[in-house]
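K.L.:
Pasting in a structure now, in structure tokens, and then I'll have a few things to ask.
The values are calculated or read from the model by the stated rules, or taken from the named source; none is laboratory data. Remember, predicted model here, so these are calculated numbers, not experimental data. Heads up, the Cβs are rebuilt from the backbone with ideal geometry, glycines too, and the neighbour counts pull from every protein chain shown. Keep in mind that these areas ignore ligands, DNA and RNA; they rest on the heavy atoms of the full protein, side chains included. Shrake-Rupley method; radii C 1.70, N 1.55, O 1.52, S 1.80 Å.
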Amino acid sequence: MRAFLPSDSCKESQLNAINPQSWLQVERGKISKLSSSCTTTSSSIESFIKVPEPPIVPFFKPVDYVEVLAQIHEELESCSLQERSNLYLLQFQIFRGLGETKLMRRSLRSAWQKAGTVHERLVFGAWLKYEKQGEELIVDLLATCNKCAQEFGLMDVASQFPVEVDGASQETVVTDGEKSLKNVNFWIGDEKIVCRRQKIASLSAPFHAMLNGYFNESLCEDIDLSENNISPLGLRTISVFSVTGCLSDVPPDLLLEILVFANKFCCERLKDACDRKLASSVCTKDDAVELMEYAIEENSPVLAASCLQVFLHELPDCLNDERVVEIFSHADRQQRLIMAGQASFSLYCLLSEVAMNLDPRSDKTVCFLEQLIESAETDGQRLLAFHQLGCVRLLRKEYDEAESLFERAVGLGHVYSIAGLARLGYIKGHKLWSYEKLSSVISSVNPLGWMYQERSLYCEGDKRWEDLEKATELDPTLTYPYMYRAASLMMKQNVQAALGEINRVLGFKLALECLELRFCLYLANEDYKAALCDVQVILTLSPDYRMFEGRVAASQLRTLVREHVDNWTTADCWMQLYDRWSSVDDIGSLSVIYQMLESGEAKGVLYFRQSLLLLRLNCPDAAMRSLELACQHASSEHERLVYEGWILYDTGHCEEGLRKAEESIRTKRSFEAFFLKAYALADSSMDFACSSTVISLLENALKCPSDNLRKGQALNNLGSVYVDCGKSYLAADCYINALKIRHTRAHQGLARVHFLRNDKAAAYEEMTKLIEKAKNNASAYEKRSEYCDRDLTKADLEMVTQLDPLRVYPYRYRAAVLMDSSKEKEAICELSRAIAFKADLHLLHLRAAFHEHVGDVLAALRDCRAALSIDPNHQEMLELHSRVNSHEP
């Protein structure tokens, strides 16, 4: 959840932090005094460097997510169309708990594509649109390429509902001996409306009985309808409809009047026509607010769906309108059915998510989650709803209610909710009970990292340290253990060990909370230059970030810290950027670029460089924001076209990105335009003819003016293409020239050339040079492991796992070695320890193959199904699944 905050209970258990506001507006030198006092005693450091306890997050976190994914995949193979979207929604919730953003979006897209009802299409389309907030520029760019990207735009709701034929729409012949009256005169006050009797009779069973049955009216030519809330104009319109079956040019107010009348007299065809006509008139949020009341009151599903579409299309802004919140918050079961059909649970899942992102403590968040509970139909849906509302109640300090909700979630099988119960026990003074509760969980299931992390909060000293070490061993992606250890070491005034600990996690996960802690460590150590670097990276990632539990803007802290750091000239900045870029110090490079952007020169170029670094650091959202800023600050038309091309390419629109590159080249030949075209072309096709074109484009790029940072990259890419074409000597020249201008990554390409020439020792040596120069070198160790014997390979890959535990190749290699040594159980365990915290197709694929090899068909089938949940179209996985499935007992 984007805005989900730690519970206040976490904050209460901490020592009060310093109040940065008290020293922000002071003279130069205040930080020195503060930091000096902070370094004198561990207690003063503790008050300054503060690690909040990890929040209880409102996510579905099954103990064995692989098993649950496999079950979902199995159900999807045989379920009805109506069940598919709910299964994809559950899949989405699992991926969200794992932090897999791309997989989350793919599940949402599948739910939208496989939607069986118009309401599901509306809800999941709106959810995808909400997830893609800020990407409006992409839509506009695609429009310039004559490609429509409005996949989730407003739809014609009425056309999505089937037209139901009224079974009573046939004229009836009166009995013999009775005079058939052709017309009937309806009176509204003093006005007479002449209608065709049998046409009116055909509108509904009540009218048929009135005009053709045994009522007195069947023999009357004049009937008074004055007391039925219909105007003369309304009745004339109904008369026309009874003959033509159409409602043409009828204003909305009159349609509402006719709708109420049609409902009263059970005129289903007339009601349906009004419903559809009114649905087409809903254009604004105000329209939707007004008409939703009628839709619910008159049970008009088409109109209700049209109003719902407008509300959802305006998320999240519409939730700032109390009228809209009121409609969603107080709907009963029947009203929810009219509004959202069978998609009520999905609707309130979306509304709850948006509300939690806006303010998790708000009353509307609670109301939506209560509605979510009411809408739940399966145990899986109920446990998610109970857990989420429990998390919100905990934030609001409504502890008894939170406890009841967590207990209900646990009762339905959500083990993670026990963390909520333990936290509540701690708040109520039952620390030992909380510890024992987590110990019971750990002993009864395959333990996960979060279990040890949570238990560590309820013990002290060596026991806490041991639990946090175990948490990191089981799930190295958890940030709290690193932060706690770093703060503890700093309190013991072991500065280098503290920095080494927080650097462990920042080496593979650029988490804002970890950068903030390191900033505090540097500040306490009076290393203002390093502190400035970190706060500038924080502002690059999140310009509005607030530090010290949200009490002070990071930008204010930067202003204060910068007073203690020497100013750099433009030339100094470029030299610093060159040094950091060459040493593969991506975080340092980001900081320098942030500082350079203040100068106001070449902002488009700098934002573009910033986006490249952010992509390297796996921060795609921030990278896209930087690319958009590059477009806004481009100094020329041809430069802007290049940045637009990169935006399109990075969002999967390769062909359109190529077109932008070509348009830029036609406007003006430039390094970046040629580079973009070469890059996109190389990625889209690698046949020989394409390779020749890519080589020509990169050669043209190198002839254009640019700085050595970018020319080094072009030479490196050109060398890679030459290697793929078998031209190793030309490739070597490219890599050597790149190294001459300090493009450090070229060592890797040159190592590949040595290896292709059967000089493995030279390749190993080349990669060693890269390792020595690069600050971020996990990938270099991984690559070097390919150029040495098994013992050295094992050592290098162990180093990779230490530096970046998210890289999966080392686990796969170690497992394969164990399997070759007939250590099947150990091989499977090696893969399982990575799978526990990373949903990776290749890990699951290999483990499935191992299970098949040892004859465990059910385990193999489980892994196949889970892997296909990650990539349903992976050919090798599909083949393995088919083979294993045929052996299922």
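K.L.:
Check Ile502, Ile593, Ile538 and return the single one that is farther than 22 Å from Ile49 by Cα and in contact with a helix residue (DSSP H, G or I) (Cβ under 9 Å, 6 or more places away or on another chain).
P.N.:
Values: Ile502 fails: farther than 22 Å from Ile49 by Cα; Ile538 fails: farther than 22 Å from Ile49 by Cα.
When all the criteria are applied, what remains is Ile593.
K.L.:
Checking Lys397 against (1) under 30 Å from Glu83 (Cβ atoms); (2) assigned to a loop (DSSP other than H, G, I, E, B); (3) of a type outside the set (A, V, I, L, M, F, W, C), which single condition isn't satisfied?
P.N.:
Here Lys397 clears every test but (1).
K.L.:
When you scan the range 766-791, how many residues do you find that are over 23 Å from Trp581 (Cβ atoms), touching a residue at least 12 places away in the same chain (Cβ under 8 Å) and open to solvent by 50 Å² or more (accessible area, probe 1.4 Å)?
P.N.:
Let us first name the residues in the range 766-791 that are over 23 Å from Trp581 (Cβ atoms), namely 785-791.
Keeping just the survivors that are touching a residue at least 12 places away in the same chain (Cβ under 8 Å) gives 785-788, 790.
Narrowing further to those that are open to solvent by 50 Å² or more (accessible area, probe 1.4 Å): 786, 790.
Qualifying residue count, the range 766-791: 2.
For every residue, the table says whether it meets (1) polar (S, T, N, Q); (2) crowded, with 19+ Cβ neighbours inside 10 Å; (3) without any contact (Cβ under 8 Å) to a residue 40 or more places away in the chain.
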{"residue": "Phe215", "(1), (2), (3)": "no, no, yes"}
{"residue": "Asp222", "(1), (2), (3)": "no, no, yes"}
{"residue": "Ser226", "(1), (2), (3)": "yes, no, yes"}
{"residue": "Leu235", "(1), (2), (3)": "no, yes, no"}
{"residue": "Ser248", "(1), (2), (3)": "yes, no, yes"}
{"residue": "Pro251", "(1), (2), (3)": "no, no, yes"}
{"residue": "Ile258", "(1), (2), (3)": "no, yes, yes"}
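K.L.:
Can you pull out every residue in the range 540-580 that is in a helix (DSSP H, G or I), open to solvent by 10 Å² or more (accessible area, probe 1.4 Å) and among the aliphatic types (A, V, I, L, M)?
P.N.:
Residues satisfying the conditions are Leu541, Ala571, Met575.
K.L.:
Can I ask one more? Based on what the data block shows, is Tyr607 open to solvent by 10 Å² or more (accessible area, probe 1.4 Å), at pLDDT 95 or above, hydroxyl-bearing (Ser, Thr, Tyr) and in a helix (DSSP H, G or I)?
P.N.:
Details: open to solvent by 10 Å² or more (accessible area, probe 1.4 Å): yes; at pLDDT 95 or above: yes; hydroxyl-bearing (Ser, Thr, Tyr): yes; in a helix (DSSP H, G or I): yes.
Criteria met by Tyr607.
K.L.:
So in the range 72-90, with the set limited to residues that are among the hydrophobic types (A, V, I, L, M, F, W, C) and within 14 Å of Cys864 (Cβ to Cβ), which one is least open to solvent (accessible area, probe 1.4 Å)?
P.N.:
As a first pass, look at the range 72-90 and keep what is among the hydrophobic types (A, V, I, L, M, F, W, C): 72, 76, 79, 81, 87, 89-90.
Pick out the ones that are also within 14 Å of Cys864 (Cβ to Cβ) and you get 72, 76.
Values: Ile72: 4, Leu76: 27 Å².
Going through the qualifying residues, I end up with Ile72.
K.L.:
Kindly provide the set of residues from the range 301-347 that are touching a residue at least 24 places away in the same chain (Cβ under 8 Å), of a type outside the set (S, T, N, Q), open to solvent by 20 Å² or more (accessible area, probe 1.4 Å) and part of a helix (DSSP H, G or I), ordered by number.
P.N.:
Pro301, His313, Arg323, Ile327, Arg333
K.L.:
All but one of (1) among the hydrophobic types (A, V, I, L, M, F, W, C); (2) in contact with a Phe, Trp or Tyr (Cβ under 7 Å, 6 or more places away or on another chain); (3) modelled with pLDDT under 95 hold for Ile49; state the number of the condition that does not hold.
P.N.:
(2)
K.L.:
Looking only at the range 93-114, which residues are among the β-branched types (Val, Ile, Thr) and open to solvent by less than 20 Å² (accessible area, probe 1.4 Å)?
P.N.:
Ile94
K.L.:
I'm trying to understand the selection: among the residues of the range 488-509, which are touching a residue at least 60 places away in the same chain (Cβ under 8 Å), open to solvent by less than 30 Å² (accessible area, probe 1.4 Å) and either closer than 25 Å to Asp544 by Cβ or among the acidic types (Asp, Glu) (or both)?
P.N.:
Leu506, the sole residue that qualifies.
K.L.:
Also, I was wondering about something else. Report yes if some residue within the range 649-662 is open to solvent by less than 30 Å² (accessible area, probe 1.4 Å), in contact (Cβ under 8 Å) with a residue 12 or more places away in the chain, more than 23 Å from Gly712 (Cα to Cα) and touching a Lys or Arg at 6+ places or on another chain (Cβ under 7 Å); otherwise report no.
P.N.:
yes
K.L.:
Among (1) open to solvent by 30 Å² or more (accessible area, probe 1.4 Å); (2) closer than 30 Å to Met356 by Cα; (3) assigned to a helix (DSSP H, G or I), which single condition is Glu473 missing?
P.N.:
(2)
K.L.:
Taking the range 238-289 on its own, how many of its residues are more than 45 Å from the chain's Cα centre (by Cα), within 15 Å of Val163 (Cβ to Cβ) and of a type outside the set (A, V, I, L, M, F, W, C)?
P.N.:
Residues that pass the stated criteria total 1.
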